[in-house]
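K.L.:
Please find one structure pasted underneath; my questions will follow.
The values are calculated or read from the model by the stated rules, or taken from the named source; none is laboratory data. Just so it is clear, the model here is predicted, and its values are computed rather than measured. Methodologically, a virtual Cβ is constructed for each residue, glycine included, from the backbone with ideal geometry; neighbour enumeration extends over all protein chains shown. Ligands, DNA and RNA are excluded from the accessible area calculation, which covers all protein heavy atoms including side chains. Shrake-Rupley method; radii C 1.70, N 1.55, O 1.52, S 1.80 Å.
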Amino acid sequence: MVGPKAYIHLDRLIHNYRVIQDQIGGSPMMCVVKANGYGHGSVECSNALLKEGCTFLAVFTFDEAMELRDAGIQTDIMIFSRMQKDFLEDATENNITLNLSGVNDIALLEEFEKKYGTCPKFHLKVDTGMNRLGIPFKNAGEVLQKISANPRLNCTGIYSHYATADEGDLSYAEWQLEQFKLVLSLADKMGIQFKYRHFSNSGTVINMPHTSYDIVRVGILLYGAFPSDEVPTDMDIKPVMEFRGPIVSIRRVKAGTKVSYGGVWESEKDTTIAVVQTGFADGFPRAWYEGGYVTFKGKPYPIAGRICMDQFMVDFGDDRAEIGDEVLLFGENGKDSLHMEEIAQQINSTPYVLSTGIHGRTERVYLP
Ligand SMILES: Cc1ncc(COP(=O)(O)O)c(C=O)c1O
């Protein structure tokens, strides 16, 4: 079908997995495949990672976890969203690890355990400074006490999440780590043992690799992008997604021709304008038209005018392109290379936003 295509290089996903494994000294990894594998396809990416030895996956919603189970994936899966009463039974049946992240969640589990004599696995999330989900630091003691008092509650892990691990200044992340250590030592004093203690994400893999604990949660690095422009970028990761759009129309225009909405772009000389069938509804960022470009056969070509919902135009100058040719929107292949990080920096966005924005009409093509 004509339209945008995301070529997913599974060999690069595996390459990245190995590079990260080296960086964290072989620690087990919880591979984060939420939001459809950051736009790369959660089932396909999970299957490739499982073959490589990954034993724990993480998603955000319960439905995302069930999508993996329905695809036959048996390994441990954790969900990061807030625990809800209505999925406790299915979570138990399907061996899905839940996120205990609010003080009242423990009552839900106690009630469930009393009624059914069983309890879904869960990890206790402590808020050490992100101020999103998580048991506030001041309430950690009371929740730990309840866990310690009822061994039938199936607490298999404890974790927290960094707010600034991908920044140049790591002082806040180090403070969060100190808070986490205090909670761990409190749990230790109460005699609670966790199978999994985890805190690290991609930023930490780069900036604080010595703080791995029992398992390392990794998302964006697996997909071959750096979490921010403040981290060192010397890890040899490769972009897994190659996002391409097809040329569907080509015309020669005179100097002074206005192109696209608002007529804000005007050709300086006679030139060739190609229409690419990909737009902001496909996740191609609208803000990228200012200074933005695509690459084709190793050469950059400027975007001409505003990106529309379904299409945009490219100024090919006097070069040749044919209808049906696919230009590279981001990613890497052969001579063409344009990393998401460059676009993100230019338009004040992040690779997380760009990659998860690829959905809907885009066809994913998996390359082994
Ligand atoms: C709780 C949690 N852990 C880990 C990750 C993975 O983060 P990253 O993609 O930066 O590795 C995320 C992603 O947002 C998250 O929400």
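K.L.:
Of all the strands (runs of 3 or more DSSP E) wholly in region 1-87, which have at least 3 residues that are of a type in the set (Asp, Glu) and within 13 Å of the ligand (Cβ to nearest atom)?
P.N.:
none
K.L.:
Going by the conditions given, is Leu182 open to solvent by 60 Å² or more (accessible area, probe 1.4 Å) and aliphatic (A, V, I, L, M)?
P.N.:
yes
K.L.:
In the set Ile303, Ile307, Ile323, Ile237, which member is more than 30 Å from Ile24 (Cα to Cα), of a type in the set (A, V, I, L, M, F, W, C) and touching a residue at least 60 places away in the same chain (Cβ under 8 Å)?
P.N.:
Criteria check complete, one pass: Ile323.
K.L.:
Collect the residues in region 289-341 that are under 21 Å from His359 (Cβ atoms), among the aliphatic types (A, V, I, L, M) and open to solvent by 50 Å² or more (accessible area, probe 1.4 Å), keeping them in residue-number order.
P.N.:
Met309 - this is the single residue of region 289-341 that is under 21 Å from His359 (Cβ atoms), among the aliphatic types (A, V, I, L, M) and open to solvent by 50 Å² or more (accessible area, probe 1.4 Å).
K.L.:
Of all residues in region 88-113, which are touching a helix residue (DSSP H, G or I) at 6+ places or on another chain (Cβ under 6 Å), outside any helix (DSSP H, G or I) and among the aliphatic types (A, V, I, L, M)?
P.N.:
First, pick out the residues of region 88-113 that are touching a helix residue (DSSP H, G or I) at 6+ places or on another chain (Cβ under 6 Å): 88, 94, 96, 98, 103, 106, 108, 112.
With outside any helix (DSSP H, G or I) added as a condition, the list becomes 94, 96, 98, 103.
Of everything in region 88-113, those that are touching a helix residue (DSSP H, G or I) at 6+ places or on another chain (Cβ under 6 Å), outside any helix (DSSP H, G or I) and among the aliphatic types (A, V, I, L, M) turn out to be Ile96, Leu98, Val103.
K.L.:
What is the number of the single condition among (1) buried (at least 16 other Cβ atoms within 10 Å of the Cβ); (2) more than 23 Å from Ser101 (Cα to Cα) that Ser81 does not meet?
P.N.:
(2)
K.L.:
With the condition kept exactly as written, say whether any residue in region 111-128 is under 23 Å from Thr211 (Cα atoms), modelled with pLDDT of 95 or more, in contact with a Lys or Arg (Cβ under 7 Å, 6 or more places away or on another chain) and crowded, with 20+ Cβ neighbours inside 10 Å.
P.N.:
Taking every residue of region 111-128 in turn, none turns out to be under 23 Å from Thr211 (Cα atoms), modelled with pLDDT of 95 or more, in contact with a Lys or Arg (Cβ under 7 Å, 6 or more places away or on another chain) and crowded, with 20+ Cβ neighbours inside 10 Å.
K.L.:
Sort out which residues of region 10-47 are more than 16 Å from the chain's Cα centre (by Cα) and either within 22 Å of Ile206 (Cα to Cα) or buried (at least 19 other Cβ atoms within 10 Å of the Cβ) (or both), and write them in order of number.
P.N.:
Asp11, His15, Arg18, Val19, Gln21, Asp22, Gln23, Ile24, Gly25, Gly26, Ser27, Pro28 - these are the residues of region 10-47 that are more than 16 Å from the chain's Cα centre (by Cα) and either within 22 Å of Ile206 (Cα to Cα) or buried (at least 19 other Cβ atoms within 10 Å of the Cβ) (or both).
K.L.:
Within region 294-308, is there a residue that is within 26 Å of the chain's Cα centre (by Cα) and either in a strand (DSSP E or B) or outside the structural domain of Thr362 (by TED's automatic domain parsing) (or both)?
P.N.:
Yes; the residues of region 294-308 include at least one that is within 26 Å of the chain's Cα centre (by Cα) and either in a strand (DSSP E or B) or outside the structural domain of Thr362 (by TED's automatic domain parsing) (or both).
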